[in-house]
Amino acid sequence: MKFAVIVFPGSNCDVDMYHAIKDELGEEVEYVWHDETDLSGFDGILLPGGFSYGDYLRSGAIARFSNVMKEVVKAAEAGKPVLGVCNGFQILLEVGLLPGAMKRNENLKFMCRPVNLKVENNETAFTSAYEKDEVISIPIAHGEGNYYCDEQTLQTLKENNQIVFTYEKNPNGSLVDIAGITNERGNVLGMMPHPERAVDELLGSADGLKLFQSIVKNWRESHVTTA
């Protein structure tokens with residue numbers, strides 16, 4: 001499976017994401033600059049964390065107009081797995097691939113620490129390697145991770161089982177403890193915590209590795225046939 005790590009001006013977690021895929025997962029991966037106009041050669045798309053375009057206006061508000069985002073939308077519409085982490089999640093919200101918006105953390109401070117997440121839905125392309133209700137340790141690093149949506153959108157998220165991860169102890173004021181959601185189709189995941197920073201016990205946790213393993217497992221089951 002071949003992954004693209006999208007790099008915007010101001011991205012700073014692209015190397016972490018690349019390492020997770022190449023060194024820990026053992027899959028093919030390339031950095032892709034924000035002005036790229038063709039992602040057809042990739043099987044999975046990864047939008048890493050950071051401060052794209054300095055987070056001016058709003059986090060992700062400028063990055064969503066990058067040339068590459070048109071291709072990210074095409075990939076999502078084609079059913080390819082698209083993962084947005086932290087700033088990547090914010091960009092997915094801005095471009096409309098996921099519903100809702102991000103506000104400043106409730107305490108108005110940047111927070112960087114490990115948190116416990118609950119796996120609410122383990123029947124997605126991103127979570128099949130986890131157990132339902134499993135508690136995992138994944139670090140956060142954000143100042144604008146306070147997820148918000150209106151009541152109708154929240155109801156839709158609940159009815160379609162799109163809330164994939166929740167915080168055990170809410171660090172940022174996020175609505176109903178939401179840490180990660182998918183689109184209705186289930187092939188686009190946005191999450192504020194950083195699974196790519198939890199892929200080896202040396203880093204304090206390897207709980208994030210299962211997320212990437214789930215993507216590959218799902219892709220192989222869908223694309224690889226054996227005689």
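The values are calculated or read from the model by the stated rules, or taken from the named source; none is laboratory data. Since we're looking at a predicted model, the values are computed, not measured. Positions of Cβ are backbone-derived with ideal geometry, glycine not excepted, and every protein chain shown enters the neighbour counts. Just so you know, the surface numbers come from the protein's heavy atoms only, side chains and all, with ligands and any DNA or RNA stripped out. Shrake-Rupley method; radii C 1.70, N 1.55, O 1.52, S 1.80 Å.
Restricting to region 145-156, what's the tally of residues that are part of a strand (DSSP E or B) and of a type outside the set (Phe, Trp, Tyr)?
Initially, region 145-156 is screened for residues part of a strand (DSSP E or B), giving 146-148.
From what's left, of a type outside the set (Phe, Trp, Tyr): 146.
The qualifying residues number 1.
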Could you say whether any residue in region 157-173 is part of a loop (DSSP other than H, G, I, E, B) and under 24 Å from Val5 (Cβ atoms)?
-> no
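Looking at this structure, is Asp35 open to solvent by 30 Å² or more (accessible area, probe 1.4 Å), farther than 30 Å from Glu159 by Cα and touching a residue at least 60 places away in the same chain (Cβ under 8 Å)? Please lay out each step first, then the result.
Working: open to solvent by 30 Å² or more (accessible area, probe 1.4 Å): yes; farther than 30 Å from Glu159 by Cα: yes; touching a residue at least 60 places away in the same chain (Cβ under 8 Å): no.
No, not satisfied.
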Residues satisfying the stated conditions in region 1-16, i.e. assigned to a loop (DSSP other than H, G, I, E, B) and open to solvent by less than 20 Å² (accessible area, probe 1.4 Å) = Phe8, Cys13
Complete set of residues in region 17-32 that are in a helix (DSSP H, G or I) and open to solvent by 50 Å² or more (accessible area, probe 1.4 Å) = Tyr18, His19, Lys22, Asp23, Glu24
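So which strands (runs of 3 or more DSSP E) stay within region 53-144 end to end and still have 2 or more residues that are open to solvent by 30 Å² or more (accessible area, probe 1.4 Å)? Break it down stepwise before answering.
Working: elements: 82-85, 101-103, 111-119, 135-142.
Of the strands (runs of 3 or more DSSP E) lying wholly inside region 53-144, those with at least 2 residues that are open to solvent by 30 Å² or more (accessible area, probe 1.4 Å) span 101-103, 111-119, 135-142.
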Cβ-Cβ under 7 Å pairs, at least 6 apart or on other chains, region 113-133 side more than 21 Å from Pro171 (Cα to Cα), far side open to solvent by 70 Å² or more (accessible area, probe 1.4 Å) and assigned to a loop (DSSP other than H, G, I, E, B) = Asn122/Glu131; Asn122/Lys132
Could you please find all residues in region 40-49 being touching a helix residue (DSSP H, G or I) at 6+ places or on another chain (Cβ under 9 Å) and open to solvent by 10 Å² or more (accessible area, probe 1.4 Å)?
-> Ser40, Phe42, Asp43
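Could you tell me which residue of region 189-217 is surrounded by the most Cβ atoms within 10 Å (Cβ to Cβ), considering only residues that are part of a loop (DSSP other than H, G, I, E, B) and hydrophobic (A, V, I, L, M, F, W, C)?
Going residue by residue through region 189-217, those that are part of a loop (DSSP other than H, G, I, E, B) are 192-194, 198-199, 204, 206-208.
With hydrophobic (A, V, I, L, M, F, W, C) added as a condition, the list becomes 192, 198-199, 206.
Numbers: Met192: 32, Ala198: 23, Val199: 26, Ala206: 15.
In this case the residue turns out to be Met192.
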